[in-house]
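Peer 1: Have a look at this one before I ask anything.
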Amino acid sequence: MPLISFGSILSFAEALEKQDEAFYAAAAANPAFAELKDLFDQFLKDTRKNIKNVQRTRRENVTEMILEPIKDFTRAPFCEEIDPAKAKTSAEILDAARCLEKKTERYYTEASVKIKALSEVSRALKMIGKKHTAHLKKLDTL
Amino acid sequence: MSLPMMKNYINGDWVDSNTATFGDVWNPAKGEKIAQVPYGTKEDVDAAVKAAKEAYWEWRTTPPLSRARYLFRLKDAFEENFEEIAEVLTTEQGKAIDESRGEVRRMIENVEHATGVTTLMCGYTLEDIAKDIDCYGHRQPMGVFAAIVPYNFPAMVAWWFLPYALVSGNTYIVKPSEQVPMTQTKIFEIMEEIGLPEGVVNMVHGAHDVVNGLLDHPDIEGISFVGASPTAKYIYQQCCATGKRVQALGGAKNIVAIMPDADIEQGMPSLTTSFFGCAGQRCLSGSVLVPVGDVADELVEKFVAASKDIKVGNGLDEQTFMGPVISAAHKQRVLDYIEKGVQEGAKLVLDGRDFKVEGYPEGFFVGPTIFDNVTPDMTIASEEIFGPVVSIVRAKNLDEVISLVNTRNYANASCIYTSSGATAREFKYRVKPSMVGINIGIAAPMSFFPFGGAGNSMFGDTKGHGQEIFNFFTDTKVVIERWF
C-alpha cells in the first residue's frame, strides 16, 4: 500500500512502533530471556515514548497549507513480520531485535526524506530514527 | 434506525430546538444521511442571547489571565480529542483526514494565540496630554457577539473569532453551518469539560431564521461571518442597519500565476494542493491557473499529469488526497459550471464528470477537472465554482497577470511562482487581494496574522484573527484624568 500523505506516513510509523512495543513486551515477559529483561524493558519504555512522539508530531506538526502529495513510497519494504515467539535462545531474540530495529530505523530514514516539505516532521522522524540507531548500537554490543 | 438529532447548547445545557423544521446531515463520501439538524427559530436565538447577556457581567469582570486559563485547559482538551474531532469533521464534510487534522490544528492555534490576552488586549496611556492631565485608553469588552460560519471548515472558522471574543471578556453564540453541525457539536461537548460558566458560550443550529434572528437582535453587539459573497454583503448591510459591528468574509476567485522562471518541479505538489485540496472548497483555493509566456505548454502538460495522479476517495482513508464535495446539490452546481465552460468554448483537458470511486457509488465525487484556453471573460474564469475545477488562462506577461487578478469580481488571495525577487515584489505590490502567496499555493494567514480579503471578498474592516481581532471585540474607552 502506498504512503502518499502526511497522515499515512505518521500512522504507519505508529503502527511500526506498536509492533516494536508488542515485540519487546513479549520478549521482556519471556523467562527464557530473563538475563535480557532489563534491556527489553528499557526498549519497551523507549518505544512507548516514540509512540507518543509520533502521535504528537501527527497532531502538532500538520501544516494545512503545505499538505503536499508524496510520491514513490510504500509500506511493502517495511512489512516483514518479526515474531518474538519464534526465538528460542537469547542469541535468536537478539537477532530478531536487530532485524526489527533495522527495519524501523530504515523506515524513519526514508520517511524523513520523503516528507522534507514539512521540515519539522522530517526532523521529528530523524530524531526517532536516531533512537532506533542507538538501540541497534546497544544490541551490537551484546 | 433513527438518526442522531443535533441539540442546541444554551446556558450550559443541551436543549432541543422548539422548531418543527429539520434538515439532514450527510456523509458526502457515502452519500448517506448520518444525522438530523434542527432549523432553529427566533425563540432559540432569544434564549441563547438571554443566557449570554446574563453571563456577561460576571465573565467581563473575571481577570483576563483567569479567562485565559480556561483556554489553556481547552487547548489540552482539544489535543486529547484531536483525532476524534478530525474524524467527525471528515465524516460529515468529506475532506481528507490530513486536511481535517490541519484544520483542527489551526483551530487550536487560535486558542493558543488568544491566550496572549494579557499583552494583546493591553491599552495605552500618555501622561501630560495637557498640563497635569493624563490620558488612558482601556480596551473594554462589549457584550454578546455571534459567529455564523460555513460548511467548508466546520471546526476552524468559528475559532477565528470565538477564543478572542471570550478571552477579551465577551460572551458568545455560534451558529454552525446546517450542513456540518456535528463537528462544532463535538467541539462544544469537549468544551463542556473545562468548566466555563453557564451562558458564556452558546450554540444554536439552524438556517435563515437563526441568521436573521441574530442579525436583528438588539442585544448582540457584533457578528462575524464567513461564507459566500452575496450573503456576506447581506450580513454586512443588516448589521449596519441594526448598529452592529460586523466582519463578513466572502467568496473568492483566486489566481495562481506561473512565471517562466518558476521552478515547476518544486512547485507542482503545492499547485495540485492549491487547486484540488478540500476538493476546491476553500476560499483560498487556486481557481485560475495562469502560465506566463513560454512556460505554458510544459506547465499544462505536467499539471494535467500530476492531477491525474490524485487519489480521490473517502477522506477517512489515509491514502485519499481529495474527498467528495459537500452535497449532491453542490456537485450538480459544479457540474453545471463544467458544462458552462464547455459551452463557452474552453478546452476540457481533464474531465472530472462521471467520476467513479470504487466502493462509494453514491458519494458526491467530482474528479479533478482542468480547462485550457480559458479567456478572462468566460464564466469559469469569473465566478466562484468552489469545486475541483481549474481554469487555465494563458498570459503574455506580468502586467496581464496583474490586470487579470485586479479585474476579477473578488479580491481574496492571489499567488505567484517565480524565482525572481523583483517579479515577486512587483506582483505583491500591485495586486488587490489581501492574501498573497509567493511560491505558496494556499496563502493562508496563521492565527497571529489577519485573515480576510478585499473588494467583494470582504465586507467590514476588521479581519479574522491576528492582533487586530481584539479591536473588533473591544471598545477603547479613553479616560482623560486630572486631580486637584
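The values are calculated or read from the model by the stated rules, or taken from the named source; none is laboratory data. Here the structure is a predicted model, which is why all the values come from computation and not from measurement. Glycine gets a Cβ as well: all are built from the backbone with ideal geometry, and neighbour counts include every protein chain shown.
Peer 1: Looking at A:A22, is it surrounded by 14 or more Cβ atoms within 10 Å (Cβ to Cβ), of a type in the set (A, V, I, L, M, F, W, C) and either within 14 Å of another protein chain (Cβ to nearest Cβ) or over 30 Å from B:V157 (Cα atoms) (or both)?
Peer 2: So A:A22 fits the description; yes.
Peer 1: For segment B:271-287, name all the residues that are buried (at least 24 other Cβ atoms within 10 Å of the Cβ) and either outside any loop (DSSP other than H, G, I, E, B) or among the hydroxyl-bearing types (S, T, Y) (or both).
Peer 2: B:L271, B:T273, B:S274, B:F275, B:F276, B:G277, B:C278, B:A279, B:G280, B:S285, B:G286, B:S287
Peer 1: Do we have any residue at all in segment B:120-136 that's crowded, with 22+ Cβ neighbours inside 10 Å, farther than 22 Å from B:W26 by Cβ and touching a helix residue (DSSP H, G or I) at 6+ places or on another chain (Cβ under 7 Å)? Don't jump to the end; show me each part of the working.
Peer 2: We begin by selecting, within segment B:120-136, every residue crowded, with 22+ Cβ neighbours inside 10 Å; these are B:121.
Checking the rest, the ones that are also farther than 22 Å from B:W26 by Cβ come to B:121.
Subsequent filtering for residues that are touching a helix residue (DSSP H, G or I) at 6+ places or on another chain (Cβ under 7 Å) retains B:121.
Within segment B:120-136 (the criterion being crowded, with 22+ Cβ neighbours inside 10 Å, farther than 22 Å from B:W26 by Cβ and touching a helix residue (DSSP H, G or I) at 6+ places or on another chain (Cβ under 7 Å)), the answer is yes, since at least one residue qualifies.
Peer 1: Take the residues in segment B:308-326 that are more than 14 Å from chain A (Cβ to nearest Cβ) and either in contact with a Lys or Arg (Cβ under 9 Å, 6 or more places away or on another chain) or loosely packed, with under 15 Cβ neighbours inside 10 Å (or both), then tell me which one is nearest to A:M1 (Cα to Cα).
Peer 2: B:P324
Peer 1: Can you find, within segment B:427-449, the residue that is nearest to the other protein chains (Cβ to nearest Cβ) among those that are surrounded by fewer than 17 Cβ atoms within 10 Å (Cβ to Cβ) and not aromatic (F, W, Y)?
Peer 2: Selected residue: B:M446.
Peer 1: Return only the number of the condition from (1) within 14 Å of chain B (Cβ to nearest Cβ); (2) of a type in the set (S, T, Y); (3) over 23 Å from B:G277 (Cα atoms) that A:T89 does not satisfy.
Peer 2: (1)
Peer 1: A further question on this structure: Working only within segment B:89-116, note down all residues that are in a helix (DSSP H, G or I), more than 9 Å from chain A (Cβ to nearest Cβ) and crowded, with 22+ Cβ neighbours inside 10 Å.
Peer 2: Across segment B:89-116, the qualifying residues are B:L89, B:T90, B:T91, B:E92, B:Q93, B:S100, B:M107, B:N110, B:V111, B:H113, B:A114.
Peer 1: Under the condition of being aliphatic (A, V, I, L, M) and part of a strand (DSSP E or B), which residue from segment B:402-426 is surrounded by the fewest Cβ atoms within 10 Å (Cβ to Cβ)?
Peer 2: B:A411
Peer 1: Report the residue count in segment B:356-380 for those that are farther than 19 Å from B:P291 by Cα, buried (at least 16 other Cβ atoms within 10 Å of the Cβ) and more than 27 Å from the chain's Cα centre (by Cα).
Peer 2: Residues meeting the conditions: 2.
Peer 1: Test A:E105 against the criterion of being touching a His at 6+ places or on another chain (Cβ under 9 Å) and under 16 Å from A:A26 (Cβ atoms), and give yes or no.
Peer 2: Judged against the criteria, A:E105 is not a match.
Peer 1: Could you tell me which of the residues B:A252, B:A305, B:A248 is within 14 Å of another protein chain (Cβ to nearest Cβ) and at pLDDT 95 or above? Write out each step before concluding.
Peer 2: On the way: B:A252 fails: within 14 Å of another protein chain (Cβ to nearest Cβ); B:A248 fails: within 14 Å of another protein chain (Cβ to nearest Cβ).
Only one candidate passes the filter, namely B:A305.
Peer 1: Now for a separate question. Those residues that are surrounded by 15 or more Cβ atoms within 10 Å (Cβ to Cβ) and either among the acidic types (D, E) or in contact with a Gly (Cβ under 6 Å, 6 or more places away or on another chain) (or both), I need them from segment A:116-142; list them, please.
Peer 2: Answer for segment A:116-142, where residues must be surrounded by 15 or more Cβ atoms within 10 Å (Cβ to Cβ) and either among the acidic types (D, E) or in contact with a Gly (Cβ under 6 Å, 6 or more places away or on another chain) (or both): there is none.
Peer 1: Suppose the filter is part of a strand (DSSP E or B) and of a type in the set (F, W, Y); does B:F145 pass it?
Peer 2: Working: part of a strand (DSSP E or B): yes; of a type in the set (F, W, Y): yes.
It is true that B:F145 is part of a strand (DSSP E or B) and of a type in the set (F, W, Y).
Peer 1: All but one of (1) away from chain B (no Cβ under 11 Å); (2) under 30 Å from B:A306 (Cβ atoms) hold for A:N30; state the number of the condition that does not hold.
Peer 2: (2)
Peer 1: Okay, moving on. Checking B:S287 against (1) within 14 Å of chain A (Cβ to nearest Cβ); (2) of a type in the set (G, A, S); (3) touching a Ser or Thr at 6+ places or on another chain (Cβ under 9 Å), only one condition comes out false. Which one?
Peer 2: (1)
Peer 1: Against the definition (away from chain A (no Cβ under 12 Å), in a helix (DSSP H, G or I) and over 18 Å from the mean Cα position of the chain (by Cα)), how does B:F78 come out, yes or no?
Peer 2: Against the criterion (away from chain A (no Cβ under 12 Å), in a helix (DSSP H, G or I) and over 18 Å from the mean Cα position of the chain (by Cα)), B:F78 does not qualify.
Peer 1: Determine the pairs where a residue that is closer than 8 Å to B:M156 by Cα, located within segment B:103-114, has a partner that is polar (S, T, N, Q) and modelled with pLDDT of 95 or more with Cβ atoms under 8 Å apart, the partner being 6 or more residues away or on another chain.
Peer 2: Pairs that qualify, where the first residue is closer than 8 Å to B:M156 by Cα and the partner is polar (S, T, N, Q) and modelled with pLDDT of 95 or more, are B:R106/B:S447.
Peer 1: Then there's this: Among the residues of segment B:117-149, write down those that are in contact with a Pro (Cβ under 8 Å, 6 or more places away or on another chain) and either within 14 Å of chain A (Cβ to nearest Cβ) or within 20 Å of B:G222 (Cβ to Cβ) (or both).
Peer 2: Correct list: B:V117, B:M121, B:V149.
Peer 1: Of the residues B:E189, B:E298, B:E265, only one is without any contact (Cβ under 8 Å) to a residue 60 or more places away in the chain, out of contact with any Leu (no Cβ under 6 Å at 6 or more places or on another chain), within 14 Å of chain A (Cβ to nearest Cβ) and assigned to a helix (DSSP H, G or I); which?
Peer 2: B:E265
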